[in-house]
Amino acid sequence: MHQPHGEPRRSIYFNYQVFPAYTGAVGAPHIARKPVVVVGAGPIGLTTALDLARHGIPCVVLESEQQVSEGSRAIVFTRRSMEILQQVGVADRVSGMGLPWNCGNSFYRNQLVFRMESPQAPDDRYAPMTNLQQPYLEQFLAEAAEANPLVEVRWGNRVTALAQNSDFARLEIDTPAGSYELDTDWVVAADGARSAIRTLLDLKLEGTSYEGRFVIADIKIDLDLPTERLAYFDPTWNPGNTVLMHREPGNIWRIDYQLPEDETPEQALQAESLCERINAQLEMLGFKDVPWEMDWSSVYSARALTLSDYIHERVIFAGDAAHLLPIFGVRGANTGFQDCHDLVWKLAFTLKGLAGPKLLPSYTDERVSAAREIIDEAGKSTRFMAPPTAGYRLVRDAVLSLSLTQEFVRPLYHWRTSRPHDYAESVLNCPTDDNDRFAVGPRNGALLLNIKLGENDYLFDRLGACFHLLYFTSAAFIPDALLAQVQAIRSSGVPFQIIAVTQNAQTRVVGADQLIEDTSGHIASKYGITQGGAYLVRPDQHICARWHQLSAGQLHTAIDIVLGKH
């Protein structure tokens, strides 16, 4: 029988809660069947479950442990991740506790040689980056899941076997009280880097594993340093290697330092070794003899790997179960959030019978493409942080040396931060709209631009689990033919809202579900649009069609395409 760790994990900043193990199905006379089973209650699994609930899809989450993850792990969440977390209801808690920042600093031998600042515009609700330890985020998500009647989290439940049929999968699940079986229409494997589901299906990741190993050490210490990314190349105490530092809430500092090639993880995690390296880094920064306390430490290697397909019959992969990405550029969890947000609406529409044959397969097309693009970018960052060969090290060291005096090489320190993926080549984009005739504005496949509408009021606050038509008009009503088409779309079961954007000061537009006044023309300018034009937006906030002048027939065609029916 499965016996998960039953004592709360030790931490000097986070109070771990041991959730009761679910054993209710052990010995049941019949095998239950669920629409979706999510394997893994990490950030990606729980976000997937909460996002499914937004679309009215109930699910069961299986987690082999009885508490949230140990150690800081993923600590930097991008603006796009915060927008996704807003959709599932936990962004306010994350931003309330997290530390916002927008600057990264690179030092060569403790001399600042490059400073990168991520832009923040008045239309941005969230900071470019927010630091928060992963256990806090998981706790917020777990509490939201426990409060949601459509989500059932089964702690202490480990999947030990999986069998697939034409229209469902059967899972064998071990618990502290014995085992049981559970059937489901779909399995979402969000069970992390060591995915048990990936192992059960004997699937192999493709890509590159880098030899450079890093120690992660979380320490509690009061340092007078900014909340910014701090990267130190070739420090005196760790020659030829790299050190990263991040401030976390609660006077916790994350220090990642690269190990010499001949040192094993076991040697690196010895208390004496940890103390010696951390003290050396602090002394280099002028904090000799400042007291500190260790919270957690681990070792990781940079890997740039992905499955070639994220859908395997009734099993769908997301997050680290689908791909392993280097942390340089905060790509791991942030890429996973985009995975699940892309997947969920397509899976929900499939379960509701609203999808054509191309909709669900577009998840693997879009997200594998994103992973491969990230792997290409992350490989550049990783080869700079931890050169894999003597040739790469020679080039990297030349850049480091030149950067002391030559400004032109300093941008090579750029760490290529995670960003929202642009699905420009998606089969869901409308090929017959006006996309190519726009001079400005986000193109098809791109993320919708957020806009500040008022005090604590942004465009993304108005978006729900449905399609949205941003319709720019000066009239007091939606044209009858267009409104009739929208009503036909809704009658087919597709959730759809019209957001009228008007430059007139008016209280309503007949036929619109929401009204946004744009008397300054700011929104129309950013979207490059005229009156009578429109943007069609997917439930994951990506654009799939745009027109300078929209007709009912054009909308009908675009909806069929984005539902995967053409």
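Values in this text are rule-based calculations from the coordinates and carry no lab data. Model, not experiment: these values are computed from the prediction. All Cβ positions, even for glycine, are placed from backbone atoms using ideal geometry, and neighbour counts span all protein chains on display.
In a simple Cβ point-charge model (Lys, Arg +1; Asp, Glu -1; nothing else charged), the stretch 255-372 has a dipole of about 1020 debye relative to its Cα centre. Positive-end ranking of GLY336, ALA446, ALA280 along the dipole of the chain, with charges on Cβ about the Cα centre, is headed by ALA446. So which trypsin sites (Lys or Arg not before Pro) in the stretch 1-109 end up in coil per DSSP with only 14 or fewer other C-beta atoms within 10 Å? Taking the stretch 1-109 and a limit of 14 other Cβ atoms within 10 Å, the loop trypsin sites (Lys or Arg not before Pro) found are ARG10. Given +1 at the Cβ of Lys and Arg, -1 at the Cβ of Asp and Glu and no other charges, the dipole of the stretch 435-562 around its Cα centre is 220 debye to the nearest 20. Using C-alpha pairs below 8 Å separated by at least 6 residues, the relative contact order for the chain is 14 percent.
The HN-Hα couplings worked out from phi for the stretch 95-112 by the Karplus form 6.51 cos²θ - 1.76 cosθ + 1.60 (θ = phi - 60°) are 5, x, 9, x, 10, x, 7, 8, 10, x, 10, 10, 10, 10, 6, 6, 10, 5 Hz, whole numbers, x standing for Gly and Pro. Ranked for footprinting exposure by Cβ neighbours inside 10 Å, fewest first, SER525, SER520, SER369 give SER520, SER525, SER369.
Strictly over 31 Å apart at the Cα level, which of LYS34/LYS204; LYS346/LYS526; LYS204/LYS346; LYS204/LYS358; LYS352/LYS452; LYS358/LYS452 would you flag in this model? Checking Cα-Cα distances, LYS352/LYS452; LYS358/LYS452 exceed 31 Å.
For the stretch 207-303, what's the relative contact order in percent, using C-alpha pairs closer than 8 Å and at least 6 residues apart?
44 percent
Taking other residues whose beta carbon is less than 13 angstrom from the beta carbon of ARG170, and scoring Lys, Arg as +1 and Asp, Glu as -1, yields -3.
Placing +1 on each Lys and Arg Cβ and -1 on each Asp and Glu Cβ, with no other charges, gives the chain a dipole about its Cα centre of roughly 900 debye.
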